[in-house]
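Notes for the one structure printed next.
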Amino acid sequence: MIKIVLCGAAGRMGREIINATQELEDIKLIAGIEAKGSNFVGSTISDVKIYDDILAVIKDAECVVDFTNHTATRENLRLVKKYKKPWVIGTTGFSQTELGEIKDLSKDFPILLSANMSVGVNQITTLKLLRPTIVGKKMRHQARQR
């Protein structure tokens, strides 16, 4: 079983992840993280206890999933970098400098950065990558018919 800490647990994507993992036997959300002062801190969301300090739970985690904001993501990465836990980042809004910092941190531990994980956006991205191939085939087909 993979033990995961979820940063941004009370947000829209965080709640989706909590719901999606409820039925899974091989993944367990061991804690959720929210900002200090959040009304969710100290409560539970579908049996996931919410904390405001990632250092309180990082030792028990095998992986961190992050859907916070560009500032919180970097702060949390800096706080726990010595633990070298793999991170999955779905946060958006990073500047080029911030992306550079994340890239530097990824030299010490695995980080997967996917700024948009929605099915629709990933399908559009795939189509954009395939477009030259599709357009090229269509043009070759039209040229043969002339």
_Where Tyr51 falls short, out of the listed (1) over 23 Å from Leu113 (Cβ atoms); (2) surrounded by fewer than 16 Cβ atoms within 10 Å (Cβ to Cβ); (3) at pLDDT 95 or above_ = (2)
*Across the stretch 1-41, which residue is farthest from Lys85 (Cα to Cα) among those that are of a type in the set (S, T, N, Q) and modelled with pLDDT of 95 or more?*
Asn39
*How do the pairs read when you match residues in the stretch 102-115 that are farther than 12 Å from Lys85 by Cβ with residues anywhere that are of a type in the set (Ser, Thr, Tyr) and modelled with pLDDT under 95, using Cβ under 7 Å and keeping only pairs 6 or more apart or on different chains?*
Ala115/Thr92
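For the stretch 28-48, which residues satisfy the criterion of being among the basic types (Lys, Arg) and either surrounded by 16 or more Cβ atoms within 10 Å (Cβ to Cβ) or under 20 Å from Ile2 (Cα atoms) (or both)?
Pass one, the stretch 28-48, residues among the basic types (Lys, Arg): 28, 36.
The answer is Lys28, and nothing else.
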*Scanning for something out of contact with any Phe, Trp or Tyr (no Cβ under 7 Å at 6 or more places or on another chain), of a type in the set (Phe, Trp, Tyr) and under 20 Å from Leu112 (Cβ atoms), does the stretch 58-67 turn up at least one residue?*
yes
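The values are calculated or read from the model by the stated rules, or taken from the named source; none is laboratory data. This structure is a prediction, so every number in the text was calculated from the model and none was measured. Cβ coordinates were reconstructed from backbone atoms using ideal geometry, including for glycine residues, and neighbour counts include every protein chain displayed.
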